[in-house]
Amino acid sequence: RALSAAPEDEMLLRLRLRSEHLAGNRFEVERLVLHITRHARLLGVDLQDETVELLQEVMEGQARARLA
């Protein structure tokens, strides 16, 4: 329901991405990653840190170490 009301909400997309990842749905994970990153690029906005870490985790198996 929430995604129907706010389909581009970053927090909701993170929840969906995490659930698809946990379900082992690789095709949907890759589709969501492309959707999230393309949408942010189109709007010219930076993704939240939590989103970036999740994208790295689902695509690379772990979040990258951050530089201080």
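The values are calculated or read from the model by the stated rules, or taken from the named source; none is laboratory data. The model shown is predicted, which means the values in this text are computed figures rather than measured ones. Cβ sites come from the backbone with ideal geometry, for glycine too, and all protein chains shown count toward neighbours. Please note that ligands, DNA and RNA were not included when accessible areas were found on the heavy atoms of the full protein model with its side chains. Shrake-Rupley method; radii C 1.70, N 1.55, O 1.52, S 1.80 Å.
Other residues with beta-carbon under 13 Å from the beta-carbon of residue 1 carry, at +1 per Lys or Arg and -1 per Asp or Glu, a net charge of 0.
Convex hull of alpha carbon positions in segment 4-52: directionally averaged projected area 3.4 nm². In the chain, the portion of solvent-accessible area held by carbon and sulfur atoms comes to 53 percent [1.4 Å probe, whole percent, DNA, RNA and ligands not counted].
Dividing the helix sum by the residues of the chain, where each DSSP H run of 4 or more adds -39500 (n - 2.57), gives a mean residue ellipticity at 222 nm of -21500 deg cm²/dmol. Per residue, the accessible area of the chain comes to 75 Å², computed with a 1.4 Å probe over protein heavy atoms only. Comparing 29, 45, 58 in a Gaussian network model of the chain, where Cα atoms under 10 Å apart are tied by springs, the biggest mean-square fluctuation is seen for 45.
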